[in-house]
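The values are calculated or read from the model by the stated rules, or taken from the named source; none is laboratory data. Note that this is a predicted model, so its numbers are computed, not measured. Please note that ligands, DNA and RNA were not included when accessible areas were found on the heavy atoms of the full protein model with its side chains. Shrake-Rupley method; radii C 1.70, N 1.55, O 1.52, S 1.80 Å.
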Amino acid sequence: ATFIASTFSSNSGPGLVRTGTGALNLTNCLIYRQSNDAVRVSAGTVTIGNCTFALNNGWGVTNNGGTVSILNSILWSNGLGGVVGSATVNYSRSQEVLAGMNNSTTDPRFMDVTIHDFTLKMSSPAINAGSNEAWMATGRDLAGNTRKIGTEVDQGCYESPGGFAGASVLIEIF
């Protein structure tokens, strides 16, 4: 199964469960407020790219026997942590240290989690912190906006409209 630009929220149990052989691909997805894990894997292959898993009561991702790859994603403020079990994780942000290339434990600075706004503040360290892939040149984020605006893609399911962190704007009124 493939899910692109999909949102899963407030379900009883895990958001998605991968059992049996086959693949599950998630791109630009938001999974939040699950009563358990965002994604639970017991077999098969799961590829997660530019996703945000937040405020779930369990783990962002639980792997009990499949093959899991995570790229450019944010796994934040989950009850038990970001990832448990074996996973290849790169250019991602989690509440605990994860092995892999360019991962971080720095707060992604979501706009306002109290109203489930997981877009990134302009001061977010997740802006321009991802790894570019060919599809991003014409791709879209969860909101339908251009996927890559700055020099590098943003982490998570939303691309910041400014495309660069720490921007300041000077407005002159005459």
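Here are a few things to note about the model shown:
- Among the protein heavy atoms, those of residue 52 account for about 0 Å² of accessible surface (1.4 Å probe, every chain in place).
- When Rg and the Kirkwood radius Rh are both evaluated on Cα atoms of region 94-152, their ratio Rg/Rh stands at 0.98.
- Convex hull (Cα only) mean projected area of region 1-68, reported in nm² to one decimal: 3.7 nm²
- q = 0.18, 0.25 Å⁻¹, region 43-93: log10 I(q)/I(0) [Debye, one scatterer per Cα]: -0.49, -0.92
- Per residue, the chain exposes 46 Å² of solvent-accessible protein surface, assessed with a 1.4 angstrom probe and all protein chains in place.
- Note that the chain, at 20 °C in a medium of 1.002 mPa s, gets a Stokes-Einstein diffusion coefficient of 135 µm²/s from its Kirkwood radius over C-alpha pairs.
- Just the protein heavy atoms count here, and of the accessible area of the chain at 1.4 Å, carbon and sulfur take up 53 percent.
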